[in-house]
1. What Kirkwood hydrodynamic radius, in Å, does the stretch 19-126 give when the mean of 1/r is taken over all pairs of distinct Cα atoms and then inverted?
2. Which value, in Å³ per residue, describes the convex hull spanned by the Cα atoms of the stretch 420-464?
3. Under the classification rounded if a/c is under 1.5, otherwise prolate if a/b is larger than b/c and oblate if not, where does the stretch 100-191 fall, given a ≥ b ≥ c as square roots of the Cα gyration tensor eigenvalues?
4. If I model a spin label at K33 and E112 as a point 7 Å from the Cα along the Cα→Cβ vector, what separation in nanometres do I get?
5. Angle, helix 42-53 long axis vs. longest principal axis of the chain, Cα atoms, 0 to 90°, nearest 10?
6. Extending each Cα 7 Å along its Cβ direction at M144 and K395, get the distance between those two points in nm, one decimal.
7. Using the count of nearby Cβ atoms within 10 Å as a rough guide to exposure, how do R251, R142, R45 rank from fewest to most?
8. Distance cut-off 20 Å, Cα to Cα: go down the list K78/K401; K154/K202; K80/K279 and report the pairs above it.
Amino acid sequence: MNKAVFAVIAIALYGATLHAASPGGLDKATVDKIRATYRDTPHQRAIHNAIAANSIDRLAVNAANKNNFDTHFSHKVKSKGITDQKSSGRCWLFTGLNVLRSQMMAQHNLPELTLSQNYNFFWDQLEKSNLFLQSIIDTADRSMDDKTVEWLFKNPLSDGGQYTGLSDNISKYGVVPSEVMVETFSSSNTSRMRNLIGLKLKEWGLELRKSAAAGTGGKALADRKTEMLGEVYKMLALTLGEPPTEFSWSRKDRDGNIIDSAVYTPQSFYATYAGNDLKNDYVMLMNDPTREYYRLYEIDFDRHTYDGQNWTYVNLPVEDIKEMAIASIKDSTMMYFSCDVGKCFDRERGLLDVNHFDYGSLFDTGFPMDKADRIRTFASSSSHAMTLMAVDLDKDGRPKKWMVENSWGPGANNGHLIMTDRWFDEYMFRLVVNKKYLTAKAASVLDTKPILLPAWDPMFAEEQ
């Protein structure tokens, strides 16, 4: 067929398709109206030329906002060295261990200490595997299109997490110094290992459901699950190394002289140098404006261990959370903190600032959604955990900005991120504080029955 004839036929068919569009579709008249709204002016052409050749973010940077960047903080807990989670979703683990090591160093006058993320990560992956397999057994009588069963098969294993998973892990398995179980390639680059184990879990999940449907009893299913977990243990040991049951460790002074040496188990080391009751002495606070404040919420299946705690939190106004955060910092106590770190992020300066980008001026439009609307539409959720350790207060005691210790290695501000107080309002989601810093009103919520939310709730998102 002649190319020109083919082109005429194609155009005719396109026009016919537009004219035949069903109600609510785009017919030709509507498309013509839409096209007519765009004015190909010299100004529009200049913006198109700029965007076509450059990053949108680079062009949207608010240059005037870069002036007068202040890094002074009125109240600051000393950071003890920057860690690096590398290509893994273990920020929740790095954050929790960074908070813990800061306390251990202060309490025992230790000049330096780092804790092994790899050790606790090993047990986290084994526990999550058991959580999945046992949950599959528990729901074996439901259909595959059941919402919970579907969710389980979509989320068999992750390297992300949150505070209650951390507290259950450390309370059960203890901690070890970083030199006792060092990082490996797979602990720092978790995706391939996690995906392979996740694939096995899905395979085994189908097997367990089939066995249950055929009438296999609970004891036989439990025995088969244990065999499966033996395979998971092997895969973890080959990629991460096998965790120690005991080890020797020497405490040193600031001059490197040995003060004492002893043989520890991971649990006895934790009891000796920390001993915190991570489950009962701490509480997670949340700022979720889509739900009622001063209520206790629990998210189903949002835990790392089958016999552990679901993620439970007190939902509070952001101003109340700030009050408790300031009290903790003034008392030289760091906190587990999580937020939507990718929003309004000036990587060059390590600054989180709602005024960093001006997309509205670039596209001549607005982006007016508030925090509640962003949560409802899945436009924003907690994505990363860090260690809150500084606040800058004005003369009236109001916060101007905040600082966190990050786990992305050295960078701007020596690996720390600074956030404006307005950014804190918009993109802070979770904070874990010692209960002694709670206001009486917030503490009273802990005595109420939690409202159970489903596993697929928007607030489920794990920190990476």
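1. Numbers: mean 1/r = 0.0480 Å⁻¹.
Result for the stretch 19-126, one decimal place: 20.8 Å.
2. About 134 Å³ per residue, rounded to a whole number.
3. Since a/c reaches 1.5 and a/b is larger than b/c, the shape of the stretch 100-191 is classed as prolate.
4. Spacing of the two 7 Å Cα→Cβ label points: 6.9 nm.
5. Between the helix axis and the principal axis of the chain, the angle is about 40 degrees.
6. 7.0
7. R45, R142, R251
8. Details: K78/K401 17 Å; K154/K202 9 Å; K80/K279 24 Å.
Table pairs above 20 Å Cα-Cα are K80/K279.
None of the figures in this text is laboratory data; all of them are computed from the coordinates on show. What you see is a predicted model; the values in this text were computed from it and never measured. Backbone-built Cβ (ideal geometry, glycine too); neighbour counts: all protein chains shown.
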